[in-house]
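K.L.:
Just dropping this structure here.
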Number of protein chains: 2
Amino acid sequence: MNPPSLAATTTAAALAARLRQEIDQGRWQAGELLRQEQLASEFGVSRIPVREALAQLQSEGLLRIEHYRGARVSWPTPAEIDEIFDLRLLVESDLVARALPRHDERSCRELARLQDQLEDAQDRLGWIGGDIAFHEALYRPAERSRSLALYRQLRAPIDRFSVQQLGPEARKQGWAEEHRQLIAAATSGDAPAVLATLAAHLDATRMVVLAACADLGDR
Amino acid sequence: MNPPSLAATTTAAALAARLRQEIDQGRWQAGELLRQEQLASEFGVSRIPVREALAQLQSEGLLRIEHYRGARVSWPTPAEIDEIFDLRLLVESDLVARALPRHDERSCRELARLQDQLEDAQDRLGWIGGDIAFHEALYRPAERSRSLALYRQLRAPIDRFSVQQLGPEARKQGWAEEHRQLIAAATSGDAPAVLATLAAHLDATRMVVLAACADLGDR
DNA sequence: CATCGTATAATTGTATCCAATTATACGATC
DNA sequence: GATCGTATAATTGGATACAATTATACGATG
């Protein structure tokens with residue numbers, strides 16, 4: 001008989017979500033310190049849920065916490081980014097290959113709808129969210145929850161580079177084209193095509209992220 | 001000038017390590033509740049570091065925390081376990097393939113030494129620790145830190161089943177045999193052999209874990 | 001002037017206490 | 001007797017307060 005309780009989650013989780021967004025949007029640069037007290041007063045909570053949120057973001061690879069020193073936004077090296085994309089290719093190829101035979105007309109329409117929605121997105125955050133939604137819909141028919149979680153986890157620490165680099169309209173066009181090809185290949189059930197397109201798509205994204213990361217220097 | 005500070009870590013981290021061990025040893029069954037107050041008084045600390053340790057173990061997939069309900073030992077389904085082993089095969093095949101050309105006489109001696117040590121291990125915990133050390137040494141020359149972390153993360157939630165099932169001396173023998181074959185293949189640089197052996201080794205382990213998990217029933 | 005050591009401030013880690021929520025026990029009602 | 005509603009207890013989530021550690025400022029010393 002309760003009202004559906006909008007905030008059915010803990011404040012630490014809400015904070016983590018908020019901070020995740022802000023990191024993606026570039027509020028803090030790589031290597032920058034996040035102060036517990038500052039965040040606590042900013043959001044009007046105590047440091048306890050702040051600490052739990054920071055710990056959560058560390059486990060997602062967005063932060064690195066040092067004992068008594070504080071939480072810094074992670075600063076992946078180009079080698080790490082390369083490795084992440086290699087892993088994404090492994091995992092996402094497996095996912096799409098398993099999903100392919102289970103895609104039907106309905107799921108392919110859903111893909112097209114998500115792509116339309118993506119191209120209508122206004123801000124960078126809506127953009128990356130749309131891309132995530134598209135890929136998840138592409139992989140979901142595989143019914144591999146664990147792999148899907150792994151896919152999310154691999155994206156999380158590098159998505160902010162895509163978001164921040166997302167100026168050039170050209171890249172956006174190419175991205176849309178690759179997504180359209182993925183939909184076509186999924187619709188026709190052409191496994192080699194979908195795998196090749198996915199690989200090309202990931203490689204293109206890799207270049208964007210590496211470029212964004214190169215500007216940082218190491219620390 | 002400080003003494004090397006044995007506990008250079010936080011108490012939450014120490015607690016997490018301890019609880020990880022205890023979960024592997026089967027102190028709590030799958031689905032069982034871990035009470036914060038009980039753990040706090042048992043280890044002589046407050047509930048704050050206990051909560052942080054529990055959150056950490058949740059991010060590792062060992063626990064599942066429900067809002068205001070408590071932390072339960074995770075109870076993976078056979079399907080999830082199957083999926084984890086599929087992912088392990090993907091990641092570990094990639095790792096061993098990259099490591100293989102970089103193994104030399106020294107690293108292979110190290111593998112043999114670790115295997116000797118493993119076979120001398122007394123208790124179940126030493127056993128699983130030895131197996132982890134062996135595999136990490138097998139993959140380390142690849143210099144893929146992110147993949148190695150992923151490998152650890154995939155093992156973490158299922159190792160307890162191997163540990164608890166680890167009665168039969170027979171299985172232990174077969175395991176040792178497979179490890180010896182891996183060393184031989186690594187020494188001779190025989191990529192197809194090492195990949196085939198790894199796949200067989202993982203499949204054998206999968207069966208053990210699935211058997212241990214089957215006794216649980218779902219919850 | 002550079003470097004080291006010390007005192008102070010700033011920050012994180014933990015303990016204690018209170019609030020919010022859930023689980024349990026008990027009685028009323030059909 | 002079973003089921004529902006309510007009161008109580010048990011448990012978790014969060015706020016405040018304190019301890020431990022690290023960073024900074026400042027002066028002494030060469």
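K.L.:
Pull out the extension gain between B:Ala211 and B:Arg98, defined as 0.36 nm times the separation in residues minus the alpha carbon to alpha carbon distance; nm, one decimal.
P.N.:
Between B:Ala211 and B:Arg98, full extension yields 37.5 nm more.
K.L.:
Find every distance from the label point of B:Gln173 to the corresponding label point in the other copies (7 Å from Cα along Cα→Cβ) and write them in nm, one decimal, shortest first.
P.N.:
The answer, with the shortest distance listed first, is 6.9 nm.
K.L.:
Sticking with this one: Residues of region B:87-103 with accessible area at least 40 Å² lower in the all-protein-chain context than alone (1.4 Å probe)?
P.N.:
Hits at the 40 Å² cut-off: B:Leu87, B:Leu90.
K.L.:
Which of the residues in region B:59-85 show a loss of at least 50 Å² in accessible area from their chain by itself to the complete set of protein chains, at a probe of 1.4 Å?
P.N.:
B:His67, B:Glu83
K.L.:
Additional query: Calculate the dipole size of region B:78-214 relative to its Cα centre from +1 charges on Lys and Arg beta carbons and -1 charges on Asp and Glu beta carbons; express the result in debye to the nearest 20.
P.N.:
That gives a dipole near 300 debye.
K.L.:
Then there's this: Mind grabbing the interface size between A and B? I mean buried accessible area, both sides, 1.4 Å probe, in Å² to the nearest hundred.
P.N.:
Answer for the A-B pair: about 2200 Å² buried.
K.L.:
Counting other Cβ atoms within 10 Å, keep those with at most 15, restrict to DSSP loop, and tell me which trypsin sites (Lys or Arg not before Pro) in region A:68-177 are left.
P.N.:
Qualifying residues, ordered by number: A:Arg69.
K.L.:
Charges on Cβ only, +1 for Lys and Arg, -1 for Asp and Glu, centred on the Cα centroid of region B:78-214; of B:Leu198, B:Tyr139, B:Ile158, which one is farthest towards the dipole's positive end?
P.N.:
B:Tyr139
K.L.:
Shifting gears a bit: Measure off, as a whole percent, the carbon and sulfur share of the 1.4 Å-probe accessible area of region A:11-73, all protein chains present.
P.N.:
Here carbon and sulfur together make up 44 percent of the probe-accessible area.
K.L.:
Now a separate question. Just to confirm, what accessible area per residue do you get for chain A at 1.4 Å probe, in whole Å²?
P.N.:
Result: 50 Å² of accessible area for each residue.
K.L.:
Okay, moving on. When a/c reaches 1.5 or more, the comparison of a/b and b/c decides; with that in mind, is region B:11-73 rounded, prolate or oblate per its Cα gyration tensor?
P.N.:
Rounded, because the longest to shortest axis ratio a/c is under 1.5.
K.L.:
Follow-up. Report, for B:Asp116, each distance to the same residue's label point in the other copies, shortest first and in nm; define the point 7 Å along Cα→Cβ.
P.N.:
6.9
K.L.:
With just the Cα atoms defining each centre, how far is region A:45-69 from region B:46-124? Give it in Å.
P.N.:
Each part reduced to its Cα centre gives a spacing of 23 Å.
K.L.:
Calculated FRET efficiency, A:Ser46 and A:Glu105, Cβ-Cβ r, R0 45 Å, to nearest 0.05?
P.N.:
With R0 = 45 Å, the Cβ-Cβ based efficiency is 0.30.
K.L.:
For n ≥ 4 DSSP H runs only, could you compute -39500 (n - 2.57) per run for chain B, divide by its residues and tell me the 222 nm figure to the nearest 500?
P.N.:
Value at 222 nm, helices only: -23500 deg cm²/dmol.
The values are calculated or read from the model by the stated rules, or taken from the named source; none is laboratory data. Nothing here was measured: the structure is a model prediction, and the numbers come from that model. Heads up, the Cβs are rebuilt from the backbone with ideal geometry, glycines too, and the neighbour counts pull from every protein chain shown. Keep in mind that these areas ignore ligands, DNA and RNA; they rest on the heavy atoms of the full protein, side chains included. Shrake-Rupley method; radii C 1.70, N 1.55, O 1.52, S 1.80 Å.
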